[in-house]
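The values are calculated or read from the model by the stated rules, or taken from the named source; none is laboratory data. What you see is a predicted model, and the numbers here were worked out from it, not measured in a lab. Virtual Cβ from ideal backbone geometry, glycine too; neighbours counted across all protein chains shown. Just the protein is used for accessible areas: all its heavy atoms, side chains included, with ligands, DNA and RNA removed. Shrake-Rupley method; radii C 1.70, N 1.55, O 1.52, S 1.80 Å.
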Amino acid sequence: MFRQMFEEKYMRFPEGKAKAATFSYDDGVKSDLRLLKIFAKYGVKATFNLNSLLFDCENWHGRMNEKETFNAFSGGAHEIALHGARHIFLNKVPLPEAINEVVQNRLYLENKFGRIVRGMAYAYNGYSDEIVSALKSLGVTYARTTEPSYSFAIPADWLRLKPTCHHADPQLGELLNTFLTASPADDFKQREPWLLYIWGHSYEFDDNDNWNVIENVCSNLAKRKDEIWFATNGEIYDYVLAYNNLVYSLDGEMVFNPAHFPVFIEIRGKVYEIPAGSSVLFGK
C-alpha cells in the first residue's frame, strides 16, 4: 500500500475547519454595548477583559457602572476575563500587590458572574517573568499582551499571548485579506491551522468615528463562516489544550481523546473527528 512521505498530524478546529477567529476587548465601557450588537449580528465571539474597582469612573472612556457591566456580559455569549482590579501596571508594583490585584479581580468576577475566570489581558501591557510565574500559581491559563505577532500561528506561550494585531493596525487589511482568501491547505508541507486574533478598546471606534472598521471585519469573516470557527479566547485555549492532550498508539495509527468534547485532526489529507472519550483508528 502506498504511504505518503508526510505523516504529520495537524490540528483542525470543530467541524474540521482549518481557521479560527477571536477578538479581545478591554475595560468594560459603554461602547461595548454597540460592539456586542455587531458581534451578535455576524455571529462572531469575543473575550471582554474587565476591571472590578473602576465602576465609578464613567469619565474614564465611558466605563460602565456595576449594574450595566453585569447586564452586558451576564448572558454568557462571550467570555469575561481579568484585566486587574484597578487597571494598573502589574510590573511596576511590588509582587504581593500585583498578586492581590489579580486575586481581587478574579474573586469579584467569579462571584458576580457565577463563572470560572481563567483568562487575562495585561493592563498597559505590564508584565514580567515574575508576573507570569505568579499567574501560573493563581490559576490563570492565558494572558494577552498588546504585542502584535502579525501572524496566524497558534500561540506557543499562552501567558505571553501575542494577538495578530490591533484593530487600528495599518496591516490589518492585508492580514484580513490573506486570512480570508488563502488557506493552510494551500501548502502541502505546512498545513498548521490559522488563528486570527484581533484586540482593542471599543471606545476607540467612538473616538475615531470609524465603527465601519469593525463592521467590515466582522461582515467579511461572516461570509466565510463555513471555513472559520468563531470562538472566545478561552475556547481557543481549551481546544488547543485538548488537541495537545490526545493520546496516540506507539505506531501513531490510533488516537484516544480524553477530553469531554470532540477534537478534529488531519492526517494524510483526511480529517478525522475524535469523539469525547473515544479512540479512532486512522484509515478506518
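Quick notes on this one:
- Selection from segment 193-203 of residues that are outside any strand (DSSP E or B) and either over 15 Å from Lys37 (Cβ atoms) or open to solvent by 20 Å² or more (accessible area, probe 1.4 Å) (or both): Pro193, His201, Tyr203
- Count of residues meeting criterion [assigned to a helix (DSSP H, G or I), open to solvent by 40 Å² or more (accessible area, probe 1.4 Å) and of a type in the set (A, V, I, L, M, F, W, C)] in segment 83-98: 1
- Taken over segment 179-199, the criterion of being within 26 Å of Tyr25 (Cα to Cα) and free of Cβ contacts under 8 Å to residues at least 12 places away in the same chain is satisfied by Thr181 alone.
- Residue within segment 125-141 that is open to solvent by less than 50 Å² (accessible area, probe 1.4 Å), in contact with a strand residue (DSSP E or B) (Cβ under 6 Å, 6 or more places away or on another chain) and touching a residue at least 40 places away in the same chain (Cβ under 8 Å) present: yes
- Inside segment 204-223, residues that are touching a residue at least 60 places away in the same chain (Cβ under 8 Å) and either assigned to a loop (DSSP other than H, G, I, E, B) or in contact with a His (Cβ under 7 Å, 6 or more places away or on another chain) (or both) make up a count of 2.
- Test: residue in segment 173-189 that is in a strand (DSSP E or B) and either within 14 Å of the chain's Cα centre (by Cα) or crowded, with 18+ Cβ neighbours inside 10 Å (or both): no
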